[in-house]
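Asker: Got a structure for you, written out below as structure tokens; questions coming shortly.
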Amino acid sequence: MRPIKIMLIDDNSIDLFLHEELLKSDKITSDIISFSGGKSALDFLSMRQKSPDQLPNLILLDIQMPIMNGFEFIIEFEKLSETVRNTCNIVMVSSTLHPSDLTRAASNPSVIKLIHKPLETKEIIEVIQDLGL
Amino acid sequence: MPNLNNTKTKVLYVDDEIHNLTAFKALFRKEYEVLTAKSGDEGLEVLKQEEQDGPVHVIISDQRMPGMEGTEFLEKVQALYPASIRVLLTGYTDMKSLIDAVNKGKIYRYLTKPWEENTLRNTIINATESYNDKVFLKEKVKELERANEELSRFIYSASHDLRAPLTTVIGLVKLLRSDERSDFDKKIIENIDLSVKKLDDFVKKIIDYYKNERQENVIEKIDMNAIVDSILNSLGLHNSQNITFHKNIDDTINFYSDSFRLYIIVSNLISNAVKYHNPNNPNPSIWYTFSADEQNCTIEIKDNGMGIEKEYLDRIFEMFFRTETSSLLAGSGIGLYIVKETVSKLNGSISVESEINHGTTFKVKLPLKNNTYETNQNNADR
């Protein structure tokens with residue numbers, strides 16, 4: 001079983017800090033990479049398309065971000081290699097309760113789950129277990 | 001009488017008797033732009049040609065004509081040029097066709113033959129006014145729809161902007177909690193948490209209220225299981241009291257409604273049931289039942305929680321009404337008000353039964369063939 005590598009994508013730097021600390025303090029993993037925008041995250045992934053060991057196996061993706069929102073990120077993500085798409089599991093994270101966001105995330109095949117902020121490590125653990133990581 | 005574009009009123013008069021057409025034109029050609037036709041077919045031709053030059057405000061037609069009768073002509077006109085005001089000229093013996101016209105052609109008014117100049121003029125003036133009023137109304141409705149659209153967009157961004165920092169604070173407070181601290185620190189943190197959660201709750205509810213007030217119903221097929229699951233999912237986080245949730249959803253009959261409004265109703269009622277569970281009860285539970293028949297669907301949410309005092313039962317749906325208990329538990333007093341408003345937007349009804357220390361049952365009944373949906377459709381067609 002691979003060690004868990006998590007990628008955080010969120011335009012809010014405080015939330016990035018918060019989520020990093022949560023994951024570390026609840027001993028989920030300390031191998032965390034953070035990006036404040038979709039583009040830089042995509043660059044990171046596309047440079048490692050053939051190296052599954054360097055790819056995160058879980059991506060926590062914020063929905064509402066300026067320039068490129070979560071859904072737009074997924075569109076670009078789906079253009080990456082099969083290795084990337086199979087290795088990286090996307091969980092969407094949202095602070096809104098807007099129904100269209102909820103249904104959009106639910107119907108998107110690349111999205112494993114949608115969780116609401118504030119993040120609960122319980123839910124992350126559940127997702128990790130469900131994925132068999 | 002000036003029209004909205006300050007153009008002359010355009011009137012089409014259809015009659016098979018030529019001297020009527022000539023007389024009409026002679027009388028009114030100074031005041032109005034008069035068009036004439038000897039038959040229904042010719043009338044339709046004229047209307048087609050006039051289309052580029054602006055609308056024909058009033059269309060007057062004789063009933064008794066060879067070929068196409070007046071009522072038939074006006075019925076065709078209504079389909080092609082619904083904005084024009086239609087007037088029928090009938091003789092005393094034409095009662096049957098008059099009734100026909102009222103039902104089918106949906107005429108504005110009928111006049112009896114032989115027509116009299118002043119009556120005719122008055123009719124044209126009133127008809128023109130009616131035409132202009134309708135155009136004005138249509139424009140205002142469009143403006144209103146645009147404003148609504150803007151408001152919806154504002155609500156969406158306000159919702160995110162308001163809640164985002166709140167959820168961050170809630171998360172940070174949780175982090176603070178996980179360390180070893182003095183009792184004093186713990187107490188402070190606990191209170192920060194409560195206050196922020198109260199704020200978050202309130203913000204969510206205000207947004208719900210705005211959305212309910214402004215938006216039209218969007219009717220779609222309802223997946224009750226999905227709605228309940230997503231509510232439990234978002235609530236489960238704040239629920240560390242291990243409440244058992246019993247779901248009994250019968251979705252054999254398809255139910256159509258506004259899913260967002262349903263979400264508001266169900267989530268408020270379930271979260272109340274969670275909030276007011278009885279901490280002394282070893283087995284706190286909530287039972288959720290959904291069933292539908294040909295006429296209605298019924299949603300029942302029952303809990304074995306704290307219950308509500310009898311004397312307050314008829315006040316719980318009031319805006320900002322709180323009891324001592326709900327105040328202590330940081331209730332905002334707006335949740336049930338919103339539920340009631342939302343239920344009425346769906347033309348449904350809500351009732352409550354409760355006994356102190358035993359529990360509460362809320363019952364929501366919603367019409368299946370949603371009346372709101374049909375009313376909206378009728379308004380759109382008119």
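The values are calculated or read from the model by the stated rules, or taken from the named source; none is laboratory data. Since we're looking at a predicted model, the values are computed, not measured. All Cβ positions, glycine included, derive from the backbone under ideal geometry; neighbour counts span all protein chains shown. Remember, those area values only see protein heavy atoms, side chains included, never the ligands or the DNA or RNA. Shrake-Rupley method; radii C 1.70, N 1.55, O 1.52, S 1.80 Å.
Asker: So if the hydrodynamic radius of the stretch B:285-369 is defined as the Kirkwood radius over C-alpha pairs, what does Stokes-Einstein give as its diffusion coefficient at 10 °C and 1.306 mPa s, in µm² per second?
Answerer: 116
Asker: With each run of n ≥ 4 DSSP H residues scored as -39500 (n - 2.57), what mean residue ellipticity at 222 nm is computed for chain B after dividing by its residue count and rounding to the nearest 500 deg cm²/dmol?
Answerer: Theoretical 222 nm ellipticity from helices: -16500 deg cm²/dmol.
Asker: Then there is this: Just by accessible area at a 1.4 angstrom probe, what is the order of B:303, B:53 from largest to smallest?
Answerer: Result of the area sort, largest leading: B:53, B:303.
Asker: Determine the shape class of chain A: with a ≥ b ≥ c the square roots of the Cα gyration tensor eigenvalues, call it rounded for a/c under 1.5, and otherwise prolate if a/b is greater than b/c, oblate otherwise.
Answerer: rounded
Asker: Which parts of the stretch B:172-205, residue by residue, lose 20 Å² or more of accessible area when the rest of the protein chains are there, as against the chain isolated (1.4 Å probe)?
Answerer: Buried-area filter returns B:172, B:174, B:175, B:204.
Asker: Rounded to two decimal places and with Rh computed the Kirkwood way over Cα pairs, what is Rg over Rh for the stretch B:1-147?
Answerer: 0.97
Asker: How much of the DSSP beta bridge set in chain B is antiparallel, as a percent to the nearest 5?
Answerer: So the antiparallel bridges in chain B amount to around 50 percent.
Asker: Of the DSSP beta bridges with both residues in the protein assembly as shown, give the percent that are antiparallel, rounding to the nearest 5.
Answerer: Of all bridge pairs located within the protein assembly as shown, approximately 35 percent are antiparallel.
Asker: Residue A:104 accessible area, nearest 10 Å², 1.4 Å probe?
Answerer: In the full protein context, residue A:104 sits at about 120 Å².
Asker: Enter the buried accessible area of the A/B pair, total of both sides, probe 1.4 Å, in Å² rounded to the nearest 100.
Answerer: 2000
Asker: With springs connecting C-alpha atoms under 10 Å apart, model chain B as a Gaussian network and identify which of B:118, B:242, B:217 has the largest mean-square fluctuation.
Answerer: B:118
Asker: For chain B, give the magnitude of the charge dipole about the Cα centre (Cβ charges: +1 Lys/Arg, -1 Asp/Glu; no others), in debye to the nearest 20.
Answerer: Computed charge dipole of chain B: roughly 580 debye.
Asker: Each residue of the stretch B:249-262 in order: what ³J(HN,Hα) in whole Hz does its phi give by Karplus 6.51 cos²θ - 1.76 cosθ + 1.60, θ = phi - 60°, with x for Gly and Pro?
Answerer: For the stretch B:249-262, the Karplus-derived couplings read 10, 9, 10, 5, 9, 5, 10, 10, 6, 8, 5, 5, 5, 4 Hz, x marking Gly and Pro.
Asker: Could you order B:288, B:81 by accessible surface area, starting with the largest, using a probe radius of 1.4 Å?
Answerer: I get B:81, B:288, largest accessible area first.
Asker: Also, quick follow-up: Suppose every Lys and Arg Cβ carries +1 and every Asp and Glu Cβ carries -1, with no other charges. What dipole size does the stretch A:48-133 come out with about its Cα centre, to the nearest 20 debye?
Answerer: On the way: 8 positive and 11 negative charges, 23 e Å.
Result for the stretch A:48-133 is approximately 120 debye, rounded to the nearest 20.
Asker: When the accessible area of each residue in the stretch A:75-123 is compared between its chain alone and the complete protein assembly (1.4 Å probe; ligands, DNA and RNA ignored), which residues differ by at least 50 Å², being lower in the assembly?
Answerer: Buried on complex formation: A:95, A:97, A:98, A:116, A:118, A:120.
Asker: Oh, and also: Does the stretch B:51-96 come out rounded, prolate or oblate, given a ≥ b ≥ c as the square roots of the eigenvalues of its C-alpha gyration tensor, rounded meaning a/c under 1.5 and, failing that, prolate meaning a/b above b/c? List each step's numbers first, then the result.
Answerer: Details: a/c = 2.51, a/b = 2.12, b/c = 1.19.
Prolate is the answer for the stretch B:51-96, as a/c is 1.5 or above and a/b outweighs b/c.
Asker: Something else now. Please identify the GluC sites (Glu not before Pro) of the stretch B:1-89 that satisfy two criteria: DSSP loop assignment and at most 16 other Cβ atoms within 10 Å. Which are they?
Answerer: On the way: sites: B:17, B:31, B:33, B:42, B:45, B:50, B:51, B:69, B:72, B:75; in loops: B:17, B:31, B:69.
Of the GluC sites (Glu not before Pro), the ones in loops of the stretch B:1-89 whose Cβ has at most 16 other Cβ atoms within 10 Å are B:17, B:31.
Asker: Taking a probe of 1.4 angstrom, what is the accessible area of residue B:36 in Å², to the nearest 10?
Answerer: Estimated to the nearest 10 Å², residue B:36 gives 40 Å².
Asker: Let me ask you something else. With a 1.4 Å probe and every protein chain kept in, tell me what percent of the accessible surface of the protein assembly as shown is carbon plus sulfur.
Answerer: Numbers: 14030 of 27260 Å².
Its accessible area is 51 percent carbon and sulfur atoms.
Asker: If one computes P(r) from the Cα atoms of the stretch A:1-76, what percent of pairs lie at distances over 18 Å?
Answerer: 39
Asker: Suppose accessible area is computed on protein heavy atoms with a 1.4 Å probe; arrange A:47, B:95, B:65, B:319 from highest to lowest. Working shown, then result.
Answerer: Numbers: A:47 150, B:95 105, B:65 20, B:319 80 Å².
Ranked from most to least accessible, the order is A:47, B:95, B:319, B:65.
Asker: Per residue, how many Å² of accessible area does the protein assembly as shown show with a 1.4 Å probe?
Answerer: Working: 27260 Å² over 515 residues.
For the protein assembly as shown, the per-residue accessible area is 53 Å².
Asker: Using the charge dipole of chain B (Lys, Arg: +1 at Cβ; Asp, Glu: -1 at Cβ; taken about the Cα centre), state which of B:337, B:351, B:219 has its Cα farthest towards the positive end.
Answerer: Highest projection toward the positive end goes to B:337.
Asker: Separate question: In the protein assembly as shown, how does Rg compare with the Kirkwood Rh, expressed as the Rg/Rh ratio over alpha carbon atoms?
Answerer: Details: Rg = 32.6 Å, Rh = 28.2 Å.
When Rh is taken as the Kirkwood radius, the ratio is 1.16.
Asker: Ok, one more. Among A:100, A:81, A:13, whose mean-square fluctuation peaks in a Gaussian network model of chain A (Cα, cutoff 10 Å)?
Answerer: Looking only at A:100, A:81, A:13, the largest GNM fluctuation is found for A:100.
Asker: Still on this structure, please answer the following. List the residues of the stretch A:9-41 whose accessible area drops by at least 50 Å² when all protein chains are present, compared with their chain alone, using a 1.4 Å probe and counting only protein heavy atoms.
Answerer: When all protein chains are present, A:18 each give up 50 Å² or more of accessible surface.
Asker: Which of the lysines could be linked to residue B:76 by a straight reach, that is with a Cα gap under 21 Å, when you skip same-chain ones fewer than 8 residues away?
Answerer: B:10, B:38, B:48, B:96, B:104, B:106, B:134
Asker: Ignoring everything but the protein chains, give the 1.4 Å probe accessible area of residue B:179 in square angstrom, nearest 10.
Answerer: 90
Asker: Now, a different point. Report Rg/Rh for the stretch B:169-290, rounded to two decimals, where Rg is the Cα radius of gyration and Rh the Kirkwood radius.
Answerer: Numbers: Rg = 17.7 Å, Rh = 16.9 Å.
In the stretch B:169-290, Rg relative to Rh is 1.05.
Asker: With point charges of +1 on the Cβ of Lys and Arg and -1 on the Cβ of Asp and Glu, referenced to the Cα centre of chain A, which listed residue (A:30, A:98, A:68) lies farthest in the positive direction of the dipole?
Answerer: Looking along the dipole axis, the top candidate is A:30.
Asker: Against the longest principal axis of chain B, how steep is helix B:117-177, in degrees 0 to 90 to the nearest 10, with axes from Cα atoms?
Answerer: 20
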